[in-house]
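**Student:** Could you have a look at this structure, given as structure tokens, before my questions?
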Amino acid sequence: MLEALNIDNAHIVGASMGGMIAQLIAAEHPKRTASLTSIMSTTGNRKLPAAQKEAIKVLTTRPPSADEEVLVAHGIRVARTIGSPAYPPSEERLLSRVREGVRRSYYPDGLPRQLAAILADGDRRKRLAAISAPTLVIHGEADPLVPLAGGLDTAENIAGARISTFPGMGHDLPLALVEPIADLIAEHARKA
């Protein structure tokens, strides 16, 4: 993948499923990975705590129609269910962000396919042992979709990885934490 893009030395950052993909890139392309940052992700270890039932329910329930207002209402329910309890967005910001997302793209088959891909990939712990790049794991302590144990397991299965957790952070990147998280990633990349 990195060869096809002619990338020699990349700082790989991914969140959620993107974190899982970033893990695989770092494992499969160690000489081309300058650093790895895995955010709100996990190892695929089936013994870890599962997502909270409310999080799974809201993500797997399809809206009753593709009407914009129905989709926006559903998107707001999703954001409130999996988002950061200590950092709720303003109603105006939440509505604006969800409406923009709905208008940009609505693809109802996307999420089931994403979940199927995550399950099909299985347990990555053996592959994570191949990661040699400096690794930072970032995780919310209040993540209802990928519990903190997933981040801890990620850090434990990558040699030398360090973890930074945020109390009250769920499965999103709240505005109040964007700068601190960006600073952590930048510092990690500089040190690599």
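The values are calculated or read from the model by the stated rules, or taken from the named source; none is laboratory data. As the structure is a computational prediction, the values presented were derived from the model and not from experiment. Please note: Cβ atoms are built from the backbone with ideal geometry, for glycine as well, and neighbour counts cover all protein chains shown.
**Student:** Mind listing just one residue for me: the one in the stretch 78-98 that is crowded, with 17+ Cβ neighbours inside 10 Å and free of Cβ contacts under 8 Å to residues at least 40 places away in the same chain and, of those, nearest to Ala15 (Cα to Cα)?
**Tutor:** Our first condition is that a residue be crowded, with 17+ Cβ neighbours inside 10 Å; within the stretch 78-98, this holds for 78-79, 81-84, 87, 89, 94, 98.
From what's left, free of Cβ contacts under 8 Å to residues at least 40 places away in the same chain: 78, 94, 98.
Details: Val78: 17, Leu94: 20, Val98: 19 Å.
Out of the qualifying residues, it is Val78.
For every residue, the table says whether it meets (1) surrounded by fewer than 17 Cβ atoms within 10 Å (Cβ to Cβ); (2) not assigned by TED's automatic domain parsing to the domain that holds Pro147.
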residue	(1), (2)
Ala15	no, no
Met20	no, no
Ile25	no, no
Pro30	yes, no
Ser35	no, no
Thr42	no, no
Thr61	yes, yes
Ser65	yes, yes
Glu68	yes, yes
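**Student:** Which residue out of Tyr107, Tyr87 is assigned to a loop (DSSP other than H, G, I, E, B), over 23 Å from His139 (Cα atoms) and among the aromatic types (Phe, Trp, Tyr)?
**Tutor:** Values: Tyr87 fails: over 23 Å from His139 (Cα atoms).
Among Tyr107, Tyr87, only Tyr107 is assigned to a loop (DSSP other than H, G, I, E, B), over 23 Å from His139 (Cα atoms) and among the aromatic types (Phe, Trp, Tyr).
Each row is one residue, and each column tells you yes or no for (1) closer than 28 Å to Lys53 by Cβ; (2) more than 19 Å from the chain's Cα centre (by Cα); (3) among the aliphatic types (A, V, I, L, M).
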site	(1), (2), (3)
Val98	yes, no, yes
Val102	yes, yes, yes
Ile118	yes, no, yes
Asp143	yes, no, no
Ala192	no, yes, yes
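**Student:** How about the stretch 148-192: which of its residues are under 22 Å from Arg46 (Cβ atoms) and hydroxyl-bearing (Ser, Thr, Tyr)? Steps first, answer last, please.
**Tutor:** Taking the stretch 148-192 and keeping what is under 22 Å from Arg46 (Cβ atoms), we get 148-158, 161, 163, 171.
Scanning the stretch 148-192 gives a single hit, Thr154.
**Student:** While we're looking at this one, here's another question. Restricting to the stretch 38-77, what's the tally of residues that are hydroxyl-bearing (Ser, Thr, Tyr), touching a residue at least 24 places away in the same chain (Cβ under 8 Å) and farther than 16 Å from Arg124 by Cα? If you could, list the steps in order and put the result at the bottom.
**Tutor:** If we filter the stretch 38-77 for residues that are hydroxyl-bearing (Ser, Thr, Tyr), which is where we start, we get 38, 41-43, 60-61, 65.
Filter once more, keeping what is touching a residue at least 24 places away in the same chain (Cβ under 8 Å): 38, 41-43, 60.
After this cut, where a residue has to be farther than 16 Å from Arg124 by Cα as well, the list is 60.
So the count comes out to 1.
**Student:** Can you find a residue that is in contact with a Ser or Thr (Cβ under 9 Å, 6 or more places away or on another chain), under 23 Å from Tyr106 (Cα atoms), touching a residue at least 60 places away in the same chain (Cβ under 8 Å) and not basic (Lys, Arg) anywhere in the stretch 22-31?
**Tutor:** no
Each row is one residue, and each column tells you yes or no for (1) in contact with a strand residue (DSSP E or B) (Cβ under 9 Å, 6 or more places away or on another chain); (2) under 30 Å from Glu69 (Cα atoms).
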residue	(1), (2)
Arg99	no, yes
Pro108	no, yes
Ala116	no, yes
Ala120	no, no
Ser132	yes, no
Leu145	no, yes
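The rows are residues; the columns are (1) among the hydroxyl-bearing types (Ser, Thr, Tyr); (2) in contact with a helix residue (DSSP H, G or I) (Cβ under 8 Å, 6 or more places away or on another chain); (3) farther than 30 Å from His188 by Cα.
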{"site": "Thr37", "(1), (2), (3)": "yes, yes, no"}
{"site": "Gln52", "(1), (2), (3)": "no, no, yes"}
{"site": "Val78", "(1), (2), (3)": "no, yes, yes"}
{"site": "Ala86", "(1), (2), (3)": "no, no, no"}
{"site": "Arg99", "(1), (2), (3)": "no, yes, yes"}
{"site": "Arg104", "(1), (2), (3)": "no, no, yes"}
